[in-house]
Amino acid sequence: MIQVVDSRQICWVRPLMLTIVPDNSGNVLPTLYDLRQGADLVWPVTLFRPALDTEVIPLLMQLDAPDATADASDAHRQLSWFVHQVWQANQSDFQAS
């Protein structure tokens, strides 16, 4: 998170990664998308929660591992899909104040 605009209850964020966990999580590993070179987002504060270090640190370590992430165009496509899905499910949170 870069900045919070309290008066509008939104924040300016710079995503680092997106992790997609398969629905049937047998022995299939999650896919990690590197978003560090991607776009910033303006996002409703209500859709954030604090992350625990035990949740984030292992992912940050995977992010720098060779061959651990998908290519940049796939990462952009997955982020667009994620934003669209969240927007559809939470349209009232994205309405201007």
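The values are calculated or read from the model by the stated rules, or taken from the named source; none is laboratory data. Please read all numbers here as calculations on a predicted model, not as lab measurements. Using ideal geometry, Cβ is built from the backbone for each residue, glycine included, and neighbour counts are taken over all protein chains shown.
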>> Exactly one of these conditions fails for residue 15: (1) part of a loop (DSSP other than H, G, I, E, B); (2) out of contact with any strand residue (DSSP E or B) (no Cβ under 9 Å at 6 or more places or on another chain); (3) at pLDDT 85 or above; (4) closer than 27 Å to residue 91 by Cβ. Give me its number.
In response: (2)
>> So in region 39-94, with the set limited to residues that are assigned to a loop (DSSP other than H, G, I, E, B) and at pLDDT 85 or above, which one is nearest to residue 3 (Cα to Cα)?
In response: 40
